[in-house]
Amino acid sequence: MIVLGISCFYHDAAACIVKDGIVVAAVDEERFSRKKHDNSFPKDAINYCLKEAGVSFDKVDYIGFYERPIVKFERVLSSMIQTFPKSWFVFATALPSWFLEKLRIPSILKKKFKYDGEVVFVEHHLAHAASAFLPSPFNEAAILTIDGVGEWATATYGVGKENNIQLSKQISFPHSLGLLYSAITAHIGFKVNNDEYKIMGLAPYGKPTMIEKLKKVISVKEDGSFELDLSYFTFHYKNKMLSKKFSKEFGPARKKKTPIAKRDKDLAASLQKLTEEILLKMTKHIHKETKKENLCIAGGVALNSVANGLIERESGFKKIFIQPSAGDSGGAMGVALYIYNTLLDKKRKYVLRNPFLGPGYSKEEIKEFLTKNNIEFKEYKAQELLKKTAKLIYQNKIVGWFQGRMEWGPRALGARSILANACNPKMKDILNKKVKHREEFRPFAPVCPIEDASEYFEIMDETPFMLKVCYVKKDKQKLIPAVTHIDETARLQTIRREVNSKYYDLLKEFKKLSGVPVIVNTSFNIMGEPIVLTPKDAYNCFKGTGIDCLVMDNFLIEK
């Protein structure tokens, strides 16, 4: 039984293939197109998934799409009519994409792949819920989905049991925590649907002095439900998100490439603090209502790792599961599993523990690339390579790490990573300036073997997908300054040997040299580009940045 899941035409287009109930492959289209957050039809992602599954398109039994476009169009049409004539320009410019792409999924599949079968359309938040619960390790769990907007829903909660999902409550557009976060992201001078995570990094540099002002913009009830005061917004009828009233209350929007003022930092801190407050109220209410021990979370807001850490500590749930591609691309996995497990009523047999679901390259393919392009390299035996790489990191060299199949989702998890010495107090600035070419306030994440993690970090559970922020222990902060943020936290990744033995063993080799089992792990890309996919992408990034060494399979390339 082959089920193909697709997401596209909003942001983060992706494909996922499920073979007899097992996720065989999943990847974002951006990795092939090299266009960050590419939302176009994921033709290359689909072709890769088919290749990895070893099937041709005519062997696909079902295709699922991660939302119901006709319902979404009804919402857009309704909003435009309610705000006419102010909405006319936006509506007119949006119409072509609806009639040429967004409402024509079956015909696009027929044209590109000669597929003439049925396409199953699943509600956006149901696809999110399925992506959260169905690959989780739980037989029963509460489910929370929260993002900008799907068809009408902007947040839902419910319960998953065995292979069934029941969503019972929702908050509807235009009231959206995700859209509020994106709107203020734009006001602070960053890019919508791209830079929201920068607000998390900037927030600790400010003080939450504007929370009471923000509560004029969004009213929050004790159960975490909320309503926006729409007089502060224009996103429901314009391409611009905030009204002049917002600027009068909070000051003018910061222009890009201008210095980040104290007011911007304080607004970021206030927005993040309020977001955490809302999500904590939501999850406490869900825990009380559902009486479940486990919680699964999905949607773009589920990538807010600071809030996730707070939820784990204080919501009352014993276990929390967030799969690594919690945003829109994860809907491709959600719809594929929903069709197989729920609609076809087949028992669940897949747990997402290994995130390496993307393309990989063999030793022969990598060697051919290096030889063909006259790139000098040295080949090592596996253990010798790990000792050499650990020594380079210990000597404060920055290492591009390209191993095996690529990670699923926006976080580098040890397959397409840049690795560096967490013990070096200057490493954060070196990486931001010479390698990533990004803002100086941006923090870097640590990776640590699971059995060593509790010695360095205040954790309640493992965090293999780097989606929960925790506190660095007081007596360890000076040991790992490169990954200890200004607020004494870190976005930790824990690693087990059975998931990625090479990555795990490298940490152990570094510990032998330094006494510390923690290194910096950041995504193998520069600001504005997707994470590298191919050996060529990796080499170009290495060549054009301050990365000192490139390790691909067992080959070492040094500058």
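Brief remarks follow.
- Globularity ratio of the range 449-559, using Cα Rg and 2.2 N^0.38 Å: 1.16
- Relative to its residue count, the range 270-411 spans a Cα convex hull of 212 Å³ per residue.
- Cα-only Debye scattering, the range 426-488: base-10 log of I(q)/I(0) at q = 0.28 Å⁻¹: -1.25
- Geometric extent, Cα atoms of the chain - Rg, Dmax (angstrom): 22.9, 69
- Stokes-Einstein diffusion for the range 190-302, with the hydrodynamic radius set to the Kirkwood value over Cα pairs and evaluated at 37 °C in a medium of 0.692 mPa s, equals 210 µm²/s.
- Among the listed pairs LYS51/LYS559; LYS35/LYS238; LYS436/LYS508, a Cα-Cα separation exceeding 32 Å is found for LYS51/LYS559.
- Mean separation of Cα pairs under 8 Å and 6 or more residues apart, divided by the residue count, gives the chain a relative contact order of 16 percent.
- Mean projected area in nm² (Cα convex hull; one quarter of hull surface) for the range 71-197: 10.4 nm²
- Per-residue packing, averaged as other Cβ atoms within 10 Å, sorts the ranges 63-75, 82-94 into the order 63-75, 82-94, beginning with the highest.
- Loop GluC sites (Glu not before Pro), the range 407-455, which have at most 10 other Cβ atoms in a 10 Å radius of their Cβ (DSSP): GLU440
- Cα-based Rg of the range 363-558 normalised by 2.2 N^0.38 Å, two decimals: 0.96
- Cα centroid separation - the range 335-375 against the range 1-39, whole Å: 11 Å
- Listed by chain and number, the lysines placed with their C-alpha closer than 20 angstrom to that of LYS281 are LYS169, LYS213, LYS215, LYS216, LYS221, LYS273, LYS291, LYS292, LYS318, LYS319, LYS468; residues fewer than eight positions away on the same chain are left out.
- A cut-off under 15 angstrom between Cβ atoms defines the neighbours of LYS72, and their net charge, with Lys, Arg +1 and Asp, Glu -1, is -3.
Throughout, read-outs are computed from the coordinates displayed, never taken from laboratory work. Just so it is clear, the structure is predicted and the values come from calculations on it, not from any experiment. Glycine also receives a Cβ, built like all others from the backbone with ideal geometry; neighbour counts cover every protein chain displayed.
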